[in-house]
Amino acid sequence: MSVHRALAPAKVNLGLFLGPTRASDGRHELVTVMQSISLADELTLQPAPAGSVHDEVLCPGVPGPPQENLAGAALRAFRASTGWRSPPLRLSIDKRIPVAAGLGGGSADAAAALRLARHASGRGDEELLRRLGAELGADVPAQISPGRWLATGAGEQLQELPPPRTPFGLLVLPAAVGLATAAVYAEADRLGLARPQQALEQRRLQLSSALEHGASLPPAIELLHNDLQRAAVSLCPEIADALRQARAAGAELALVSGSGPTVLGLFARAGLGDLRSVVGEQRGPAEHGPAEHGGPAELAAARLAGRVPAPMCARPVDAAFARPVTLDAGASPAAAPTG
(Lines give C-alpha, C1' and ligand atoms only; values in the text may rest on other atoms or scores of the structure.)
Protein backbone atom coordinates (compact mmCIF):
# COMPACT_ATOMS: atom_id res chain seq x y z
CA MET A 1 0.00 0.00 0.00
CA SER A 2 1.17 3.53 -0.76
CA VAL A 3 1.49 6.45 1.62
CA HIS A 4 -1.36 8.95 1.49
CA ARG A 5 -1.56 12.43 2.93
CA ALA A 6 -4.35 14.96 3.57
CA LEU A 7 -4.63 18.26 5.34
CA ALA A 8 -7.33 18.77 7.97
CA PRO A 9 -8.24 22.46 8.02
CA ALA A 10 -9.64 24.07 11.14
CA LYS A 11 -13.04 25.72 11.00
CA VAL A 12 -14.14 29.07 12.35
CA ASN A 13 -17.70 30.13 13.06
CA LEU A 14 -18.75 33.29 11.26
CA GLY A 15 -21.72 33.96 13.49
CA LEU A 16 -23.20 31.40 15.87
CA PHE A 17 -26.76 31.58 17.14
CA LEU A 18 -27.99 29.30 19.89
CA GLY A 19 -31.52 27.93 20.04
CA PRO A 20 -33.53 25.70 22.37
CA THR A 21 -32.56 22.15 23.24
CA ARG A 22 -34.13 19.33 21.27
CA ALA A 23 -36.39 16.95 23.15
CA SER A 24 -35.09 14.03 21.07
CA ASP A 25 -31.46 14.15 22.18
CA GLY A 26 -30.97 17.16 24.47
CA ARG A 27 -28.68 18.92 22.00
CA HIS A 28 -29.07 22.59 21.19
CA GLU A 29 -30.47 23.80 17.91
CA LEU A 30 -28.10 26.30 16.33
CA VAL A 31 -27.45 28.35 13.22
CA THR A 32 -23.86 29.04 12.20
CA VAL A 33 -21.63 29.54 9.18
CA MET A 34 -18.66 27.17 9.31
CA GLN A 35 -15.68 28.39 7.29
CA SER A 36 -12.60 26.20 6.72
CA ILE A 37 -9.27 28.01 7.12
CA SER A 38 -5.66 27.38 6.21
CA LEU A 39 -4.59 26.53 9.77
CA ALA A 40 -4.48 22.75 9.38
CA ASP A 41 -3.34 19.47 10.86
CA GLU A 42 -1.59 17.02 8.55
CA LEU A 43 -2.62 13.35 8.42
CA THR A 44 -0.66 10.51 6.85
CA LEU A 45 -2.05 7.02 6.23
CA GLN A 46 0.43 4.22 5.56
CA PRO A 47 1.01 0.55 6.35
CA ALA A 48 1.53 -0.20 10.02
CA PRO A 49 4.91 -1.67 11.04
CA ALA A 50 5.50 -5.36 10.41
CA GLY A 51 3.86 -7.52 13.04
CA SER A 52 1.01 -5.11 13.78
CA VAL A 53 -2.39 -6.72 14.14
CA HIS A 54 -4.56 -3.58 14.46
CA ASP A 55 -4.69 -0.10 12.99
CA GLU A 56 -2.78 2.41 15.08
CA VAL A 57 -3.07 6.18 15.59
CA LEU A 58 -0.08 8.37 16.40
CA CYS A 59 -0.98 11.86 17.58
CA PRO A 60 1.84 13.31 19.72
CA GLY A 61 0.91 16.04 22.13
CA VAL A 62 -2.77 15.17 22.43
CA PRO A 63 -3.87 13.76 25.79
CA GLY A 64 -5.83 10.53 26.10
CA PRO A 65 -5.32 6.99 24.80
CA PRO A 66 -4.97 6.61 21.01
CA GLN A 67 -8.03 4.35 20.81
CA GLU A 68 -10.17 7.30 21.91
CA ASN A 69 -8.91 9.58 19.13
CA LEU A 70 -11.81 10.64 16.91
CA ALA A 71 -9.76 10.09 13.76
CA GLY A 72 -9.14 6.50 14.80
CA ALA A 73 -12.87 6.06 15.40
CA ALA A 74 -13.46 7.42 11.89
CA LEU A 75 -11.12 4.83 10.38
CA ARG A 76 -12.85 2.03 12.31
CA ALA A 77 -16.27 3.26 11.20
CA PHE A 78 -15.16 3.37 7.56
CA ARG A 79 -13.84 -0.19 7.70
CA ALA A 80 -17.03 -1.44 9.35
CA SER A 81 -19.35 0.25 6.85
CA THR A 82 -17.43 -0.63 3.66
CA GLY A 83 -15.92 -3.99 4.55
CA TRP A 84 -12.43 -2.70 3.72
CA ARG A 85 -10.00 -5.41 4.80
CA SER A 86 -6.59 -3.93 4.10
CA PRO A 87 -3.68 -4.94 6.34
CA PRO A 88 -3.25 -2.83 9.52
CA LEU A 89 -2.61 0.83 8.94
CA ARG A 90 -0.83 3.62 10.78
CA LEU A 91 -2.61 6.98 10.89
CA SER A 92 -0.20 9.75 11.92
CA ILE A 93 -1.50 13.19 12.91
CA ASP A 94 0.78 16.20 13.00
CA LYS A 95 -1.19 18.63 15.17
CA ARG A 96 -1.10 22.33 14.37
CA ILE A 97 -4.66 23.21 15.40
CA PRO A 98 -4.86 23.97 19.14
CA VAL A 99 -6.79 21.38 21.17
CA ALA A 100 -10.15 22.23 22.83
CA ALA A 101 -10.00 25.65 21.19
CA GLY A 102 -13.30 26.10 19.36
CA LEU A 103 -11.59 25.42 16.01
CA GLY A 104 -12.93 21.92 15.38
CA GLY A 105 -9.51 20.26 15.28
CA GLY A 106 -10.69 16.81 16.38
CA SER A 107 -13.60 16.89 13.94
CA ALA A 108 -11.27 18.07 11.16
CA ASP A 109 -8.97 15.10 11.82
CA ALA A 110 -11.91 12.67 11.77
CA ALA A 111 -13.13 14.10 8.46
CA ALA A 112 -9.63 13.91 6.97
CA ALA A 113 -9.28 10.30 8.13
CA LEU A 114 -12.50 9.45 6.29
CA ARG A 115 -11.25 11.19 3.12
CA LEU A 116 -7.96 9.32 3.35
CA ALA A 117 -9.67 5.96 3.84
CA ARG A 118 -11.90 6.56 0.82
CA HIS A 119 -8.90 7.68 -1.26
CA ALA A 120 -6.78 4.68 -0.26
CA SER A 121 -9.51 2.06 -0.60
CA GLY A 122 -11.48 3.35 -3.58
CA ARG A 123 -14.66 2.61 -1.62
CA GLY A 124 -17.57 4.75 -0.53
CA ASP A 125 -18.76 8.16 -1.65
CA GLU A 126 -19.22 11.57 -0.09
CA GLU A 127 -22.74 10.73 1.07
CA LEU A 128 -21.37 7.78 3.06
CA LEU A 129 -18.62 9.93 4.56
CA ARG A 130 -21.18 12.53 5.68
CA ARG A 131 -23.34 9.85 7.28
CA LEU A 132 -20.37 8.39 9.13
CA GLY A 133 -19.28 11.89 10.11
CA ALA A 134 -22.67 12.68 11.62
CA GLU A 135 -22.33 9.60 13.82
CA LEU A 136 -18.94 10.82 15.05
CA GLY A 137 -19.87 14.40 15.94
CA ALA A 138 -21.97 17.40 14.91
CA ASP A 139 -18.99 19.33 13.46
CA VAL A 140 -17.67 16.48 11.32
CA PRO A 141 -20.09 16.48 8.33
CA ALA A 142 -19.27 20.08 7.35
CA GLN A 143 -15.58 19.21 7.33
CA ILE A 144 -15.87 16.22 5.01
CA SER A 145 -15.70 18.68 2.13
CA PRO A 146 -14.00 21.78 3.57
CA GLY A 147 -15.28 25.14 2.47
CA ARG A 148 -18.21 27.26 3.66
CA TRP A 149 -21.39 25.75 5.05
CA LEU A 150 -24.51 27.09 6.73
CA ALA A 151 -25.15 24.58 9.50
CA THR A 152 -28.45 24.13 11.31
CA GLY A 153 -30.04 21.50 13.51
CA ALA A 154 -27.29 20.65 15.97
CA GLY A 155 -24.78 21.25 13.18
CA GLU A 156 -25.59 18.21 11.07
CA GLN A 157 -28.00 19.88 8.61
CA LEU A 158 -25.92 21.60 5.94
CA GLN A 159 -26.43 24.10 3.15
CA GLU A 160 -23.37 24.63 0.98
CA LEU A 161 -22.51 28.27 0.44
CA PRO A 162 -20.31 29.63 -2.37
CA PRO A 163 -16.71 30.42 -1.45
CA PRO A 164 -15.89 34.05 -0.71
CA ARG A 165 -15.26 35.96 -3.95
CA THR A 166 -12.71 38.16 -2.19
CA PRO A 167 -10.30 36.67 0.36
CA PHE A 168 -10.15 38.02 3.87
CA GLY A 169 -7.55 37.64 6.57
CA LEU A 170 -7.90 36.06 9.98
CA LEU A 171 -5.81 36.67 13.06
CA VAL A 172 -6.04 33.62 15.33
CA LEU A 173 -5.27 34.16 19.02
CA PRO A 174 -5.10 30.82 20.86
CA ALA A 175 -5.51 30.61 24.62
CA ALA A 176 -3.13 28.96 27.05
CA VAL A 177 -5.89 26.65 28.27
CA GLY A 178 -8.72 24.81 26.56
CA LEU A 179 -12.46 24.92 27.14
CA ALA A 180 -14.72 21.87 27.11
CA THR A 181 -17.58 22.41 24.68
CA ALA A 182 -20.07 20.79 27.06
CA ALA A 183 -19.06 23.16 29.84
CA VAL A 184 -19.60 26.21 27.62
CA TYR A 185 -23.05 25.02 26.56
CA ALA A 186 -23.95 24.36 30.20
CA GLU A 187 -22.87 27.88 31.11
CA ALA A 188 -24.92 29.25 28.22
CA ASP A 189 -27.93 27.43 29.65
CA ARG A 190 -27.24 28.88 33.10
CA LEU A 191 -27.05 32.38 31.61
CA GLY A 192 -30.21 31.83 29.55
CA LEU A 193 -28.57 32.66 26.20
CA ALA A 194 -30.71 30.47 23.93
CA ARG A 195 -32.96 32.23 21.41
CA PRO A 196 -36.52 31.16 20.58
CA GLN A 197 -36.97 29.03 17.47
CA GLN A 198 -38.51 31.86 15.47
CA ALA A 199 -35.53 34.14 16.09
CA LEU A 200 -33.18 31.31 15.13
CA GLU A 201 -34.98 30.80 11.82
CA GLN A 202 -34.75 34.52 11.11
CA ARG A 203 -30.96 34.40 11.51
CA ARG A 204 -30.77 31.37 9.20
CA LEU A 205 -32.60 33.22 6.46
CA GLN A 206 -30.50 36.36 6.95
CA LEU A 207 -27.19 34.48 6.79
CA SER A 208 -28.24 32.51 3.72
CA SER A 209 -29.29 35.69 1.93
CA ALA A 210 -26.15 37.60 2.95
CA LEU A 211 -23.74 34.93 1.68
CA GLU A 212 -25.57 33.24 -1.20
CA HIS A 213 -23.65 35.22 -3.85
CA GLY A 214 -20.15 34.81 -2.42
CA ALA A 215 -19.81 37.82 -0.15
CA SER A 216 -16.66 37.58 1.95
CA LEU A 217 -18.50 38.24 5.19
CA PRO A 218 -22.04 39.30 6.10
CA PRO A 219 -22.24 43.10 5.86
CA ALA A 220 -24.38 43.37 9.01
CA ILE A 221 -22.47 43.11 12.28
CA GLU A 222 -25.31 41.34 14.05
CA LEU A 223 -24.86 38.35 11.73
CA LEU A 224 -21.31 37.84 13.03
CA HIS A 225 -22.39 37.61 16.66
CA ASN A 226 -21.51 34.49 18.68
CA ASP A 227 -24.13 33.61 21.30
CA LEU A 228 -21.61 31.36 23.10
CA GLN A 229 -19.06 34.15 23.56
CA ARG A 230 -20.56 35.43 26.82
CA ALA A 231 -20.56 31.92 28.29
CA ALA A 232 -16.96 31.29 27.18
CA VAL A 233 -15.77 34.57 28.74
CA SER A 234 -17.62 33.71 31.93
CA LEU A 235 -15.65 30.46 32.23
CA CYS A 236 -12.37 31.88 30.91
CA PRO A 237 -12.04 35.63 31.67
CA GLU A 238 -8.70 35.74 29.84
CA ILE A 239 -10.70 35.71 26.61
CA ALA A 240 -11.66 39.32 27.24
CA ASP A 241 -7.98 40.28 27.15
CA ALA A 242 -7.52 38.47 23.81
CA LEU A 243 -10.53 40.28 22.35
CA ARG A 244 -8.97 43.60 23.35
CA GLN A 245 -5.62 42.57 21.88
CA ALA A 246 -7.19 41.71 18.53
CA ARG A 247 -9.00 45.05 18.34
CA ALA A 248 -5.94 47.02 19.38
CA ALA A 249 -3.91 45.23 16.68
CA GLY A 250 -6.32 46.53 14.04
CA ALA A 251 -8.95 43.81 13.62
CA GLU A 252 -12.16 45.12 12.12
CA LEU A 253 -14.07 42.71 14.31
CA ALA A 254 -12.97 40.45 17.16
CA LEU A 255 -15.02 37.47 18.28
CA VAL A 256 -14.74 34.04 19.88
CA SER A 257 -14.72 31.06 17.51
CA GLY A 258 -17.27 28.40 18.39
CA SER A 259 -17.24 27.54 22.07
CA GLY A 260 -13.84 29.18 22.52
CA PRO A 261 -11.46 30.04 23.94
CA THR A 262 -9.75 30.99 20.63
CA VAL A 263 -10.31 34.60 19.55
CA LEU A 264 -10.51 35.64 15.89
CA GLY A 265 -9.67 38.99 14.38
CA LEU A 266 -11.30 39.59 10.99
CA PHE A 267 -9.64 41.71 8.31
CA ALA A 268 -11.76 42.46 5.26
CA ARG A 269 -9.84 43.16 2.05
CA ALA A 270 -12.56 44.40 -0.29
CA GLY A 271 -16.28 44.83 -0.61
CA LEU A 272 -16.98 45.18 3.09
CA GLY A 273 -17.33 48.90 3.55
CA ASP A 274 -20.59 48.37 5.42
CA LEU A 275 -18.85 46.14 7.95
CA ARG A 276 -16.04 48.63 8.39
CA SER A 277 -18.41 51.53 8.96
CA VAL A 278 -20.54 49.61 11.45
CA VAL A 279 -17.68 48.28 13.55
CA GLY A 280 -15.38 51.29 13.31
CA GLU A 281 -15.70 51.84 17.03
CA GLN A 282 -14.08 48.42 17.66
CA ARG A 283 -10.88 49.21 15.76
CA GLY A 284 -7.72 49.86 17.64
CA PRO A 285 -5.15 52.59 17.11
CA ALA A 286 -3.00 50.30 14.96
CA GLU A 287 -5.41 50.65 12.01
CA HIS A 288 -3.53 53.61 10.57
CA GLY A 289 -0.04 52.38 11.41
CA PRO A 290 2.86 52.50 8.93
CA ALA A 291 2.77 50.26 5.89
CA GLU A 292 4.73 47.02 6.25
CA HIS A 293 5.18 43.81 4.31
CA GLY A 294 2.35 41.30 4.44
CA GLY A 295 -1.43 41.52 4.65
CA PRO A 296 -3.35 43.18 7.48
CA ALA A 297 -3.66 39.99 9.53
CA GLU A 298 0.09 39.39 9.26
CA LEU A 299 0.77 42.97 10.33
CA ALA A 300 -1.53 42.51 13.30
CA ALA A 301 0.31 39.34 14.29
CA ALA A 302 3.61 41.23 14.09
CA ARG A 303 2.23 43.86 16.44
CA LEU A 304 1.49 41.09 18.93
CA ALA A 305 4.97 39.55 18.75
CA GLY A 306 5.87 38.16 22.14
CA ARG A 307 2.35 37.09 22.96
CA VAL A 308 2.05 33.60 24.47
CA PRO A 309 0.58 31.54 22.88
CA ALA A 310 1.85 33.09 19.67
CA PRO A 311 -0.68 34.60 17.25
CA MET A 312 -1.31 32.86 13.94
CA CYS A 313 -2.70 34.01 10.60
CA ALA A 314 -5.03 32.17 8.26
CA ARG A 315 -7.21 32.57 5.21
CA PRO A 316 -10.35 30.83 3.92
CA VAL A 317 -9.83 27.55 2.02
CA ASP A 318 -11.97 25.13 0.08
CA ALA A 319 -12.05 21.39 -0.58
CA ALA A 320 -9.08 21.48 -2.98
CA PHE A 321 -6.83 22.53 -0.09
CA ALA A 322 -7.63 19.32 1.79
CA ARG A 323 -7.80 16.82 -1.07
CA PRO A 324 -5.88 13.58 -0.31
CA VAL A 325 -2.76 12.86 -2.34
CA THR A 326 -0.63 9.77 -2.80
CA LEU A 327 3.03 10.34 -2.03
CA ASP A 328 5.92 8.84 -3.90
CA ALA A 329 7.57 5.92 -2.17
CA GLY A 330 9.97 7.19 0.43
CA ALA A 331 8.69 10.77 0.25
CA SER A 332 8.16 12.63 3.48
CA PRO A 333 4.93 14.60 3.92
CA ALA A 334 5.21 18.31 3.18
CA ALA A 335 4.53 20.83 5.87
CA ALA A 336 0.95 22.06 6.03
CA PRO A 337 0.53 25.73 5.26
CA THR A 338 -0.88 27.82 8.08
CA GLY A 339 -1.51 31.16 6.40
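The reciprocal of the average 1/r between distinct C-alpha atoms defines the Kirkwood hydrodynamic radius, which for region 1-72 equals 15.8 Å.
The alpha-carbon positions of region 203-242 define a convex hull whose volume is 78 Å³ per residue. Please state the shape class of region 189-261: rounded when a/c is under 1.5, otherwise prolate if a/b exceeds b/c and oblate if not, all from the C-alpha gyration tensor. Oblate. Among 155-162, 17-24, the peptide with the highest mean count of other Cβ atoms within 10 Å heads the list, and the full ranking is 155-162, 17-24. Close amide H partners of Gly155, meaning residues 5 or more places away or on another chain with modelled amide H under 5 Å apart, are Leu30. Less than 5 angstrom separates the built amide H of Leu161 from those of Arg148, Trp149, Leu150, all sequence-distant by 5 or more or on a different chain. Surface analysis of the chain yields an accessible area of 42 Å² per residue, using protein heavy atoms and a 1.4 Å probe.
Here region 88-176 is treated as a Stokes sphere of Kirkwood radius computed over C-alpha pairs; at 10 °C and 1.306 mPa s its diffusion coefficient rounds to 109 µm²/s. Computed over the chain with a Gaussian network model linking Cα atoms closer than 10 Å, the most mobile of Thr44, Thr82, Thr32 is Thr82. Near Leu129, once Lys and Arg are set to +1 and Asp and Glu to -1 for all other residues with Cβ below 9 Å from its Cβ, the sum equals +1. Phi angles across region 78-88 convert, under the Karplus curve 6.51 cos²θ - 1.76 cosθ + 1.60 with θ = phi - 60°, into 3J(HN,Hα) values of 5, 4, 5, 7, 10, x, 5, 10, 5, x, x Hz, Gly and Pro given as x. For region 1-149, just list the percent of Cα-Cα distances falling in each 10 Å bin from zero outward, please. The calculated distribution, bin by bin, is 11, 41, 33, 12, 2, 0.
When the inverse distances between all different Cα atoms of the chain are averaged and flipped, the Kirkwood radius reads 20.5 angstrom. Packing, taken as the mean count of other beta carbons within 10 Å per residue, orders the peptides 118-128, 168-178, 101-111 from highest to lowest as 101-111, 168-178, 118-128.
From Cα pairs below 8 angstrom and at least 6 apart in sequence, can you work out the relative contact order of the chain, rounded to a whole percent? Answer for the chain is 25 percent. Surface composition of the chain: carbon plus sulfur atoms hold 53% of the accessible area, using a 1.4 angstrom probe and ignoring ligands, DNA and RNA. Extent along the principal axes, Cα only, for region 145-250: 37, 35, 27 Å, with the longest axis given first.
Between 0 and 90 degrees, rounded to the nearest ten: what's the tilt of helix 181-191 against the longest Cα principal axis of the chain? Around 30 degrees separate the two axes.
For region 117-266, the relative contact order comes to 24 percent (Cα pairs under 8 Å, sequence separation of at least 6).
The values are calculated or read from the model by the stated rules, or taken from the named source; none is laboratory data. Bear in mind the structure is a predicted one, so any value in this text is a computation, not a measurement. All Cβ positions, glycine included, derive from the backbone under ideal geometry; neighbour counts span all protein chains shown. Areas reflect the complete protein model, heavy atoms only, side chains present, ligands, DNA and RNA absent. Shrake-Rupley method; radii C 1.70, N 1.55, O 1.52, S 1.80 Å.
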